[in-house]
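A short worksheet on the structure shown next.
The values are calculated or read from the model by the stated rules, or taken from the named source; none is laboratory data. If you're wondering where the values come from, they're calculated on a predicted model, not measured in any experiment. We place every Cβ from the backbone using ideal geometry, glycine too, and count neighbours over all the protein chains shown.
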Amino acid sequence: MPHSVGDLAEVLDNLGVFSMHPEQVLALCPSGFRRVPITQGDEFYLSLQGFTANQPAYAHTHPDSEEWVVVLEGAGKALLADNPVPLEGSLVIGRATAHPHGFVSGDGPMTLLSIQLPRPSEPATTWDQPGETTDPIDCHSGGTCRRCYRCGGHSHNHRARVFVCENCTLEF
Ligand SMILES: [Zn+2]
Ligand SMILES: [Zn+2]
């Protein structure tokens, strides 16, 4: 099975077996939610998604991909169409293609396992919720960071001028 550079699964090429707690690899940051890919191909995208308290992932739509989300830790809300679904530990949520969706964490950190089938196409994704950015802060991960106004993702300062979203690749 081919592994992409930077995915957690890359370590399997060396270690064979690997375990971790999501918070050890997610490096939660108050600026924006963080996503760490586990493994991906044209037909699938598995990732961990981590939120600090009251942190949004702005609603969007993948016309080409369905998703299963497992709440690993914490609580919050899934914003699916007009009916928010409360999220709590070990809940599993399935979402069909073309259903708008977003998330917001509750009063504490929240971690999710996301299984997307097939891997969503970035150009086909529509962004349905006007989000907002945050002021840049010094990041535990180095440099400065702020929130992506399009998806809510953690965005690092890049070459001291633009910020690049780790989740949706928006530069701003
Ligand atoms: Zn940060
Ligand atoms: Zn983004």
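For segment 109-133, how many residues meet the condition of being more than 16 Å from ligand 1 (Cβ to nearest atom), among the hydroxyl-bearing types (S, T, Y), part of a loop (DSSP other than H, G, I, E, B) and modelled with pLDDT of 90 or more?
Just the residues of segment 109-133 that are more than 16 Å from ligand 1 (Cβ to nearest atom), to begin with: 110-132.
Adding the requirement that they be among the hydroxyl-bearing types (S, T, Y) leaves 111, 114, 121, 125-126.
Okay, now just the ones that are also part of a loop (DSSP other than H, G, I, E, B), so 121, 125.
If we keep only those that are modelled with pLDDT of 90 or more too, we end up with 125.
Summing the residues that are more than 16 Å from ligand 1 (Cβ to nearest atom), among the hydroxyl-bearing types (S, T, Y), part of a loop (DSSP other than H, G, I, E, B) and modelled with pLDDT of 90 or more in segment 109-133 gives 1.
Among the residues of segment 1-40 satisfying the criterion of being without any contact (Cβ under 8 Å) to a residue 24 or more places away in the chain, away from ligand 1 (no atom under 16 Å from the Cβ) and surrounded by 13 or more Cβ atoms within 10 Å (Cβ to Cβ), which is nearest to the chain's Cα centre (by Cα)?
Among those residues, the one meeting the criterion is E10.
Has segment 81-90 got any residue that is part of a helix (DSSP H, G or I), acidic (D, E) and either within 16 Å of ligand 2 (Cβ to nearest atom) or closer than 28 Å to T133 by Cβ (or both)?
Residues of segment 81-90 part of a helix (DSSP H, G or I): none.
Checked segment 81-90: no residue is part of a helix (DSSP H, G or I), acidic (D, E) and either within 16 Å of ligand 2 (Cβ to nearest atom) or closer than 28 Å to T133 by Cβ (or both).
State all residues of segment 134-149 that are part of a loop (DSSP other than H, G, I, E, B) and under 16 Å from the mean Cα position of the chain (by Cα); if no residue qualifies, say none.
Just the residues of segment 134-149 that are part of a loop (DSSP other than H, G, I, E, B), to begin with: 134-136, 139-143, 148-149.
Result: C148, Y149.
For residues that are free of Cβ contacts under 8 Å to residues at least 12 places away in the same chain and of a type in the set (V, I, T), scanning just segment 125-172, find the one that is farthest from ligand 2 (Cβ to nearest atom).
Among them, the one singled out is V162.
Do we have any residue at all in segment 109-122 that's under 30 Å from G89 (Cα atoms), within 12 Å of ligand 2 (Cβ to nearest atom) and not β-branched (V, I, T)? Break it down into steps so the answer makes sense when it comes.
Narrowing segment 109-122 to residues under 30 Å from G89 (Cα atoms): 109-122.
With the extra rule that they be within 12 Å of ligand 2 (Cβ to nearest atom), the set shrinks to 122.
Narrowing further to those that are not β-branched (V, I, T): 122.
Checked against the condition, which is being under 30 Å from G89 (Cα atoms), within 12 Å of ligand 2 (Cβ to nearest atom) and not β-branched (V, I, T), segment 109-122 yields at least one hit.
Among residues belonging to segment 41-82 that are touching a residue at least 60 places away in the same chain (Cβ under 8 Å) and of a type in the set (A, V, I, L, M), point out the one that is surrounded by the most Cβ atoms within 10 Å (Cβ to Cβ). Before the answer, list the steps.
So in segment 41-82, the residues touching a residue at least 60 places away in the same chain (Cβ under 8 Å) come out as 41-51, 55-64.
Next, from what is left, pick out any that are of a type in the set (A, V, I, L, M): 46, 48, 57, 59.
Values: L46: 19, L48: 20, A57: 26, A59: 22.
Applying the filter and picking the extreme gives A57.
Any residue at all in segment 57-69 that is under 20 Å from D135 (Cβ atoms) and modelled with pLDDT under 95? I'd like the intermediate steps shown before the answer.
First, pick out the residues of segment 57-69 that are under 20 Å from D135 (Cβ atoms): 57-58.
Remaining after also requiring modelled with pLDDT under 95: none.
Scanning segment 57-69 turns up no residue that is under 20 Å from D135 (Cβ atoms) and modelled with pLDDT under 95.
Look through segment 30-74, keep the residues that are within 15 Å of ligand 2 (Cβ to nearest atom) and outside any strand (DSSP E or B), and return whichever of them is farthest from C139 (Cα to Cα).
Step by step, filter segment 30-74, then rank; the result is H62.
Mind listing just one residue for me: the one in segment 134-172 that is within 16 Å of ligand 1 (Cβ to nearest atom) and of a type in the set (D, E, K, R) and, of those, farthest from P30 (Cα to Cα)?
E166
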